[in-house]
Amino acid sequence: MNTVLVVDDEKNNLNAVKRIFAELDYTLQFARNGEDALACIDEGFDPDIVILDIMMPGIDGYEVCRRLKSNGGTSGIMVLLLSARAGIEERLKGYRVKADDYLTKPYDPEELKAKVRILLRLKNAHDELSAVNRDLEKLVAHRTRELVKKERQALIGRMVQGFIHNLQTPIMVVHNRAEMAFSLTRDLLEDIYGDGTSERTIAQKIIHQLDFSLKAIDKVELLIHNLLAKSRQDAAVEKEKIDLNDLIVKELEFLDADMELKHALKKTLNLAPSLPSLFGVSSDFSQVVYNMVKNASDAMLHSQKKEITITTKEDGDHIFIIFSDTGPGIPYDDPDRIFDPFFTTKPMKGAEKEGEATGTGLGLYTCLQLMKPYGGKISVKSQPGMGTHFTLSLPKERGKGTP
């Protein structure tokens, strides 16, 4: 049932409206002035339409209409202004305060009923549309949450593959160092029988190789820990203060366990001595360094000059890590495609030719995802035959805080 508030300072006018709508299925409420009309609404009466006389003592009809239409809670109420003044200025003034219609006194009762019916149809349509919009918003919010959930699950799946991909190097280190330790142990046994090699020297070499193996195992454990942490929404990965220069140096030392990376690839460091520290998860950054170096090495597989230069620098707002190689460059009109998941120019493992590098297309994508929580962005500049430059920019403000 529709509700109607009738506001007029003349009792006879109120009675006339009451008679006109007596046979119609409306709930009517009456007020003798603007103050009473506003108080009635404030106290809980929720009219669909206000039939509002303009000329009243105190707050006139224009002001009542203006207040109703400027309040978000009452702006949807339809307002029909009544006035004895039929001039265009009065009508325009009513429309300026956002009245929905204007009727001149004396009016025909049928015209009044017709205007009220039209305004109520508009009000009902508006209410129905608002209800539909609310339902749509709820539906969109629900679907959005579902999409975000699915995207998060898909992302975790891609990240899992990326972590598994990056477990290969530390596992390879353990394997190679264990083989070397085995060989040295055999040499030690031969030395016992007098081949002339110092037992102490061989023992020290064995310890050195086993130390590398232990470090590699530690790295595997850290990667697995982060893999499990990233698969739980509420996981809390402990952050620490990170010296990026020191991290880069140590990561390159670790990568020297790969004989190809150690001997075939020249590595040059240009590290800013006063680079500020960041708080974060060390393995996030070490994985980025590894991925960048390994990608550069793979890109330069057939290059005569194989060199990667890692530069760190800063400006007022950002820290930069730049990876520059002497490879063939990226022969694409849109080099940013290389950050898409599973986009790769390398063959999958098992489909490669002899000596050819393999890839999953997750290395650079993983780098981008790992740096997003730090506000990090990765850009690329490349020209065919001129090498490639990857720049990781990290906002200083995001790296502040406590572990």
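Any read-out appearing in this document is the output of simple, stated calculations on the displayed coordinates, not a laboratory observation. From a predicted model like this one, the values you see are computed outputs, not experimental measurements. A quick note on method: Cβ atoms are made from the backbone with ideal geometry, for glycine too, and the neighbour counts reach across all protein chains shown.
The figures follow:
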| quantity | calculated |
| --- | --- |
| Extension gain, Met172 back to Asp9 (0.36 nm per residue minus Cα-Cα distance, nm) | 49.4 nm |
| Alpha carbon convex hull of region 246-313, volume per residue in cubic angstrom | 82 Å³ |
| DSSP-loop trypsin sites (Lys or Arg not before Pro) across region 255-297, with at most 12 other Cβ within 10 angstrom | none |
| Rule-of-thumb Rg ratio for region 2-107 [Cα; 2.2 N^0.38 Å; N residues] | 0.98 |
| Pairwise label distance in nanometres, Arg117 with Ala272, each label 7 Å out on the Cα-Cβ vector | 7.7 nm |
| Unit charges at the beta carbon, dipole of region 2-107: most positive-side option, Thr104, Phe30, Gly73 | Thr104 |
| Whole-Hz ³J(HN,Hα) from phi, Karplus 6.51 cos²θ - 1.76 cosθ + 1.60, for region 86-96, glycine and proline x | 9, x, 5, 4, 5, 5, 4, 5, x, 5, 5 |
